Each structure stands twice: as structure tokens, then as C-alpha cells.
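Single-structure report; data block below.
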Protein chains: 2
Amino acid sequence: MVLVAETTSLNSILERVARADTLTDMQQEIERLRDHFGVDHIVYHWVSSDGEQYGCGTYPMTWVERYLEKNYLRIDPVVLGCYQRFHPVDWKRLDWSGKAARNFLADAIEHGVGNQGFSVPIRGPNGQYALFSLSHNSDDDTWADFTASHHRDLIMAAHAFNQRALELEPGRAQETAQALSPREVDAMTLLALGYSRAQVANSLSISEHTLRVYIESARHKLGALNTIHAVARALSRGLIVI
Amino acid sequence: MVLVAETTSLNSILERVARADTLTDMQQEIERLRDHFGVDHIVYHWVSSDGEQYGCGTYPMTWVERYLEKNYLRIDPVVLGCYQRFHPVDWKRLDWSGKAARNFLADAIEHGVGNQGFSVPIRGPNGQYALFSLSHNSDDDTWADFTASHHRDLIMAAHAFNQRALELEPGRAQETAQALSPREVDAMTLLALGYSRAQVANSLSISEHTLRVYIESARHKLGALNTIHAVARALSRGLIVI
DNA sequence: TTTGCACTCCCCATAAATAGCGGGTTTTGC
DNA sequence: GCAAAACCCGCTATTTATGGGGAGTGCAAA
């Protein structure tokens with residue numbers, strides 16, 4: 001077990017990440033990064049604004065397939081926990097109570113994921129949510145020393161992957177374009193706060209019919225199927241804040 | 001004009017930021033950081049989950065007051081532009097067309113803000129949105145050299161402020177998000193994805209009435225007034241991911 | 001200056017969600 | 001083992017949202 005990082009090569013790896021043209025290139029760099037840090041696994045995966053999942057990393061293919069097949073995204077305490085957090089977190093500090101979480105953990109370790117882990121969450125303007133994770137097999141103290149001494153390197157690495165991944169993400173151009181008008185933002189915000197249509201119309205001092213026009217135009221701009229969908233998209237894209 | 005950064009002292013500043021107990025402490029460190037980078041101004045400001053604004057920085061008090069008084073937050077292309085972005089951006093690359101934006105720029109420069117600028121946006125799980133900005137008076141080339149060579153330091157500094165600011169934010173502790181049951185999570189998620197109740201019930205292979213029970217229990221747990229409200233809260237509390 | 005966009009208002013018919021009542025089984029945690 | 005919580009289903013009635021039409025103003029940029 002080697003837990004040594006040579007900062008000399010980190011910069012060169014991150015520079016290559018910044019110039020990566022494909023996911024395959026990033027995959028290669030993530031393997032270099034794993035060797036650099038001397039950990040068992042590194043994974044970078046993210047959820048785009050349209051809910052699509054992307055990722056690259058060094059987990060065994062069997063685990064990746066199982067993860068997708070079992071839809072572990074909705075169970076994985078790392079994903080769910082980091083979604084509520086701002087800064088990097090050690091997996092030990094997440095909530096592993098609950099049967100589903102414990103089963104997931106057992107399954108993960110069985111498939112080669114380490115017993116220790118550390119994740120850096122980053123989120124973007126349109127609900128993009130990315131996670132840069134390291135996983136390793138070691139005792140608690142060794143792991144604590146490692147994460148403490150490489151905290152900054154890990155943040156920088158996460159940022160590098162993140163920046164490039166977002167640039168490589170397909171269909172980014174037309175999604176950011178669809179902003180909402182001020183009135184539409186008002187309407188979506190008040191709906192998200194639990195007001196009924198009548199209350200929203202009253203709050204905005206407009207007729208309920210006018211309000212409906214805003215809701216519908218917001219729906220169309222957001223490509224939403226109904227009001228709940230529209231509010232959810234506006235929220236997760238950061239167009240409204242509640 | 002000095003644009004030299006000694007990396008030896010950056011770490012010590014950021015470590016003091018990480019241990020800062022109050023906004024005043026952070027204010028002190030931000031001044032040290034300004035001297036370290038040799039720029040005219042550094043500002044860190046953020047919008048919390050309840051919409052409150054906080055900030056600290058080296059701008060003249062007259063400008064801060066004018067900014068708040070004129071409600072420039074809704075005009076400032078730096079704030080608006082970075083809200084739509086993921087990674088650090090030079091102010092020159094933002095959209096300064098539009099009368100309001102140009103007036104704002106003139107007003108800002110008149111109050112001592114530099115003609116150059118660079119901002120690092122970061123956002124958090126509950127709609128928090130933070131901006132770490134540097135401003136300086138210089139020509140384009142000098143500024144481009146500075147930002148290029150200190151790109152990583154700036155990201156690290158932004159992260160350091162960000163992490164501490166979020167920890168210092170009041171009212172974070174009592175945000176004990178009551179968890180939803182797996183079925184409630186399913187229901188909320190599918191609703192957020194735009195499915196109607198009939199479609200959700202069909203997807204989950206349960207009766208529409210049973211689905212209704214889940215939606216209502218989720219509503220009660222979330223203290224929501226209606227379904228839209230419940231979905232919005234579940235989303236913004238990170239209980240569901242779409 | 002003309003084109004676009006944001007903003008405001010109105011009707012009608014149908015689809016969907018909400019509110020209230022009732023009944024039951026299976027899992028999970030202490 | 002027991003209690004609590006999660007899981008599942010039925011009914012009726014009312015309120016609310018949605019979908020499809022309309023029309024007209026004003027502002028600002030191309």
C-alpha cells in the first residue's frame with residue numbers, strides 16, 4: 001500500500017485533463033492520477049442538466065454495470081450526502097444507517113470499492129452535479145492522514161476534471177440560452193413556495209389568466225411537461241431560488 | 001503597480017481563513033490576501049439559502065452602500081453572468097451590452113472599482129451562491145498574465161473562503177431534513193420529472209390512490225402546502241435528485 | 001422602423017389534483 | 001416480540017389546473 005503523492009507530476013496531469021478531447025482521454029488521465037495519489041480508485045461522474053449521467057473512473061466494469069442496473073444513484077449515500085453538502089467529505093461522515101445503504105456498502109466493497117473514501121462535490125448553474133471521488137482500502141488513521149495532506153490537491157483535481165467535463169458535455173449551448181423572463185421567474189418562485197395559482201396571481205397583482213400565460217411560457221421554455229416539472233427544472237437549473 | 005504573488009504566504013492566509021471565527025476575521029484575511037496578490041480589491045460575497053446577502057471585501061464603503069441602495073445585485077453583470085457559469089471568468093468576457101450594465105460599470109469605476117476583474121463562482125446545495133472576485137486597475141495584457149499565472153491560487157482561495165463562510169452561516173444546524181421513505185422519494189422524483197399522477201402510479205406499479213397517500217405523507221413530512229411545494233422542497237433540500 | 005419579446009386580459013371545456021372517509025399487510029428497528 | 005413505520009387498496013365529492021383558442025399594449029434592440 002502506497003500513499004505518497006509527488007506534487008511535481010500533479011500539475012502535468014491536470015494540464016492534460018484541461019486539454020482532453022474525449023472521455024477516453026480523461027479516463028487515461030484519471031488512471032494516471034490514481035497512480036499519482038497511490039489510491040485504489042478514482043472516479044469522476046456527473047449529472048447533466050437534463051438528468052443524464054456521465055462518468056469515468058477506475059472502478060471495475062462489473063461494479064459500474066451493477067451500479068447502473070440497480071439504480072444505486074438513488075441509494076448511494078455518497079451521492080445523496082454530497083448533494084446536501086458544499087465541501088469535500090470523508091465517506092465515514094456520511095449517513096450509512098438504513099438497510100438500503102448498508103446493503104449498498106456491502107455490495108460495493110464486494111465489487112472492489114475500497115472501505116475508505118473521499119468525495120469532492122461540485123455543482124453548476126443548471127443543476128449539473130459532479131462528484132470527484134477517491135476510494136481506498138486502508139485503516140482510518142492512514143486515510144485521515146492522506147486526505148488531510150492532499151486536501152488542496154484533491155480540490156484542484158476535482159476542479160480540473162469538472163471544468164473540462166462541462167465543456168465536453170454535449171448540448172450545453174442551447175440549454176443555457178433559455179432564461180426566464182422576470183415575471184416568469186416570479187411565477188415559478190411563488191409556485192415553488194407553495195402558493196396556489198390564485199394566491200400567486202394575487203401576490204403579483206395580475207389576473208389568474210395572465211399568470212397562466214407566464215406559467216405556460218415558462219413551461220415551454222423549460223421544455224417541461226407540466227407545472228411541477230417546470231418548477232423542478234427551474235429549481236435544478238438555478239433559475240429560481242427558494 | 002505590483003502584480004507579484006509569493007506562494008509561501010498564501011497557505012498561511014488560507015489556513016487563517018479556515019480558522020476564522022467571525023466575518024471580521026475574514027475581512028482581515030481578505031485584506032492580507034489583497035496585499036499578497038498585489039491587486040486593488042478582493043471581495044467575497046454570497047447569497048444564503050434564505051436569500052440573505054453577506055459579504056466582506058476591500059471595496060470602499062461608499063460603493064458597498066451604493067450597491068445595496070441601488071439594488072445593483074440584479075443589474076451587476078458579474079453576479080448575473082457568473083450565476084449562469086461554472087468556472088472562473090474574466091469580467092471582460094461577460095455581457096456588458098445593455099444600458100443598465102454600462103451605467104453600472106461607469107458608476108463602479110467612479111467609486112474605485114478597477115477596470116479589470118476576475119470572479120470565481122461557487123454554488124451550494126440549497127441555492128447558496130458565492131462569488132470570490134478580484135478587481136484591479138491595469139491594462140489587458142498585464143491582467144491576462146496575472147489571472148493566467150494565479151488561476152489555481154484563486155480557485156483555492158475562493159474555496160477556502162467559501163468553506164468557512166458556509167460553516168459560519170447562521171441557521172444551518174437546525175436544517176435537519178426529515179428523510180422521505182423510498183416510495184415517497186420515488187413519487188417525488190417521478191413527479192419532478194414531469195410525470196402525471198397516473199403515469200407515476202403506473203411506473204411504480206401501484207394504484208393511483210396509494211400514490212396519493214405517498215404524496216400526502218411526503219407533503220406532511222416536508223411541511224409543504226401542495227405537491228409543487230413538496231417537490232420544490234424535496235429538490236432544494238437535496239432529498240431527491242433529478 | 002420593424003421585428004421581436006415581455007406584459008396584460010378574456011372564454012370554454014376537459015383533465016387532473018385535492019380532501020375526506022374507510023380497510024388491510026409486510027418490514028424494520030429497538 | 002412488539003411497535004412504528006412503510007407498504008398497499010377502495011370510494012365520493014369538490015376544487016384546481018390544463019389545453020385550445022383569442023386580443024392588445026409598450027419597450028428595446030436590429
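Annotations for the structure displayed:
- Using a Förster distance of 22 Å, the FRET efficiency for A:Arg102-B:Asp21 (Cβ separation, nearest 0.05): 0.05
- Phi to ³J(HN,Hα) by Karplus 6.51 cos²θ - 1.76 cosθ + 1.60 over segment A:71-78, Hz, x for Gly, Pro: 6, 5, 3, 8, 10, 3, x, 5
- Accessible surface buried at the B:A interface totals approximately 4300 Å², computed with a 1.4 Å probe on protein heavy atoms.
- Of all aspartates and glutamates in the structure, the ones whose alpha carbon falls short of 16 Å from that of B:Lys221, not counting any fewer than 8 places away in one chain, are B:Glu175, B:Glu184, B:Asp186.
- Counting Cβ atoms of other protein chains within 10 Å of each residue's Cβ and taking the mean over peptide A:144-154 gives 1.
- Distances in nm from B:Thr142 to the matching label points in the other copies, shortest first (labels 7 Å along Cα to Cβ): 5.2
- Computed magnitude of the charge dipole of the protein assembly as shown (debye, nearest 20; Cβ of K, R +1, Cβ of D, E -1): 1800 debye
- Heavy-atom surface of chain B, accessible at 1.4 Å and reported per residue (Å²): 46 Å²
- Degrees, to the nearest 10: A:7-18 long Cα axis against longest axis of chain A: 40 degrees
- When the residues B:Leu168, A:Leu134, B:Leu225, B:Leu204 are ordered by accessible surface, computed with a 1.4 Å probe over the protein chains alone, the sequence from largest down reads B:Leu225, B:Leu168, B:Leu204, A:Leu134.
- Cleavage-rule hits, chymotrypsin sites (Phe, Trp or Tyr not before Pro), segment A:29-93, DSSP coil, Cβ neighbours within 10 Å at most 15: none
- Chain A, relative contact order in percent, only Cα pairs under 8 angstrom and at least six apart counted: 18 percent
- Rounded to whole Å, sorted largest first: equivalent-ellipsoid semi-axes of chain B, Cα gyration tensor: 43, 20, 16
- Here chain A is assigned +1 on the Cβ of each Lys and Arg and -1 on the Cβ of each Asp and Glu. Its dipole about the Cα centre then comes out at about 1020 debye.
- With Cα atoms, 0 to 90° folded angle of helix B:99-110 axis to chain B main axis: 40 degrees
- On Cα atoms only, tilt of B:182-192 relative to the major axis of chain B in degrees: 70 degrees
- Fraction of the pair-distance distribution of the protein assembly as shown above 27 Å, Cα-Cα pairs, percent: 58 percent
- Averaged over the residues of A:191-197, the number of partner chain Cβ atoms lying within 10 Å of the residue Cβ comes to 5.
The values are calculated or read from the model by the stated rules, or taken from the named source; none is laboratory data. Remember, it's a predicted structure, so these values are computed and weren't measured experimentally. Because the Cβ atoms are built from the backbone with ideal geometry, glycine has one as well, and the counts that use them run over all protein chains shown. For the accessible areas, the whole protein counts, side chains as well, though only heavy atoms, and no ligand, DNA or RNA atoms are used. Shrake-Rupley method; radii C 1.70, N 1.55, O 1.52, S 1.80 Å.
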